[in-house]
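Step one of this worksheet: look at the structure below.
The values are calculated or read from the model by the stated rules, or taken from the named source; none is laboratory data. Everything numeric in this text was worked out from a predicted model, so none of it was measured. In this analysis, Cβ positions are derived from the backbone assuming ideal geometry, glycine residues included, and neighbour counts consider all displayed protein chains. Just the protein is used for accessible areas: all its heavy atoms, side chains included, with ligands, DNA and RNA removed. Shrake-Rupley method; radii C 1.70, N 1.55, O 1.52, S 1.80 Å.
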Amino acid sequence: MIYNNILGIIFANMHDESVSELTQVRTMGSILFGGRYRLIDFPLSNMSNSGIPEVGVITKSNYQSLLDHIGSGREWDLATKNGGLHLLPPFSHHKSGLYRGRIEALEGVLPYIQNSDAEYVVMCDCDVVTTIDFRQVIREHKKNQADITVVYAKHNFTNTGVGSRASTILEVNEEKRIISATINPDILGEANRSLNMFVIDRKILEKIVSRYAPEGFASFDKQVLQQNKANYKICGYEHKGYYEKIEDIMSYYNANMNLLNPENKQKMFNNSAPIYTKVKDSGPAKYEAGSKVTNSLIADGCIIEGEVSNSILFRGVKVGKGAIVRNCILMQNTSVGEEAELHAVVTDKNVKIGKNKLLTASTKNALFIKKNQKIEDD
């Protein structure tokens, strides 16, 4: 069912600084994930599967690869005359240049929001990988007669400051109303972690942006959730599904590695709500005689002559004869030379590893190699 009274907004560049190793040449939304996807595929697919007919993607910088990936939105059934997918380019803020936070980003696209006939706006970032039905969130939003509904998940913080410093922690009462919001605290134990997904009445969103953006306020969490919870009815919606939050290079590494667990993969990819992506016309992966692959995700176009285990290989990766690849994430067109050995390595696109090279790290501190870098033969 299509819900013509709902507008989707996706922030493609929010939290780029968290994974600067990967966002120097792309947006957060453009980061490759799981062997064949990009992070923006998840919010786009969730919105499409939830019947949201129009989605605006707010960009900031380095968005060429994002534009190439999402195109007209055909893969997400958003290439329509009415509604559809809209790439909303960056704007120059009169005080601070490119926007600093969610409120300033929304100020730049306020005319787009005002011209919509939607009653509700669903907003989310690209740093959370999950499958969620926004129709359920909207039903709860209406039932609670909320002005704003924030999606959160329970998370157990086991190390002080790890993860919580990139999170907004919510306290929710029995009536599901948010009574406090703490930004980037140092905490241990279980807490309600915001997933940066919101349902908000469009008119209220317009008022918030029109009021606070001219005053120089940038942060939605700080200005609205934290400081104005008494002025708006802000409720929480607990997401109980499987999710991963990308907040640094190691959480990115672990989120990918966790997909090698069949149970996690099944939870993430639901046949009733598939994750769509741009499809390339690549040939199938080719496994040469003597090659060995175990517990790995291998994309189309790969050529495997050596040994690959517990790894994720994106399209066009080549592993030479006698090479060993373990616990690695190799992005598009990475080439591993003969007799080379890689352990706990993350390569960006078009990396070349020469013959006989040994690159080894710990699964608790993976080695990252930048795009187009060449580690030549001796």
The rounded separation in angstrom of the Cα centers of the stretch 274-330 and the stretch 167-234 is 42 Å
What longest region of the chain stays clear of GluC sites (Glu not before Pro) that DSSP places outside H, G, I, E and B and that have at most 13 other Cβ atoms within 10 Å?
-> 1-173
If one takes the longest principal axis of the Cα atoms in the chain, at what angle in degrees, from 0 to 90 and to the nearest 10, does the Cα axis of helix 134-143 lie?
-> 20 degrees
Angle between the Cα long axis of helix 249-258 and the longest principal axis of the chain, 0 to 90 degrees, nearest 10?
-> 80 degrees
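Find the accessible area per residue for the stretch 1-156; the probe is 1.4 Å, ligands and nucleic acids are left out, and the unit is Å².
Here the residues of the stretch 1-156 average 38 Å² of exposed surface.
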Which value in nm describes the separation of the simple spin-label points at residue 231 and residue 291, placed 7 Å from the Cα toward the beta carbon?
-> 6.0 nm
Sorted from largest down, give the three principal axis spans of the alpha carbons of the stretch 190-278, whole angstrom values.
-> 48, 34, 30
Please give the per residue accessible area of the stretch 157-284, computed with a probe of 1.4 Å over protein heavy atoms only, in Å².
-> 49 Å²
Quick numbers on the stretch 2-139, Rg and Dmax over C-alpha atoms in Å, give 14.3, 41
Over the stretch 97-207, relative contact order from alpha-carbon pairs under 8 Å, at least 6 apart, % = 35 percent
Leaving ligands, DNA and RNA out of it, work out the accessible area of residue 86 with a 1.4 Å probe and give it in Å² to the nearest 10.
-> 60 Å²
Compute the relative contact order of the chain as a whole-number percentage, counting only Cα pairs closer than 8 Å that sit 6 or more residues apart in sequence.
-> 14 percent
Return the sequence-ordered ³J(HN,Hα) values of the stretch 204-218 in whole Hz as given by the Karplus equation 6.51 cos²θ - 1.76 cosθ + 1.60 applied to θ = phi - 60°, using x for Gly and Pro.
-> 5, 4, 4, 5, 4, 5, 5, 7, 8, 4, x, 8, x, 7, 10
Out of every Cα pair in the stretch 3-75, what percent are spaced more than 18 Å from each other?
-> 37 percent
Radius of gyration and Dmax for the chain's Cα atoms, expressed in Å?
-> 21.4, 67
Filter the cross-link list 143/207; 318/371; 245/371; 60/280; 265/292; 240/364 down to pairs whose alpha-carbon distance in this structure exceeds 18 Å.
-> 143/207; 245/371; 60/280; 265/292; 240/364
Where the accessible area of the chain is counted over protein heavy atoms with a 1.4 Å probe, how much of it, in %, is carbon and sulfur?
-> 44 percent
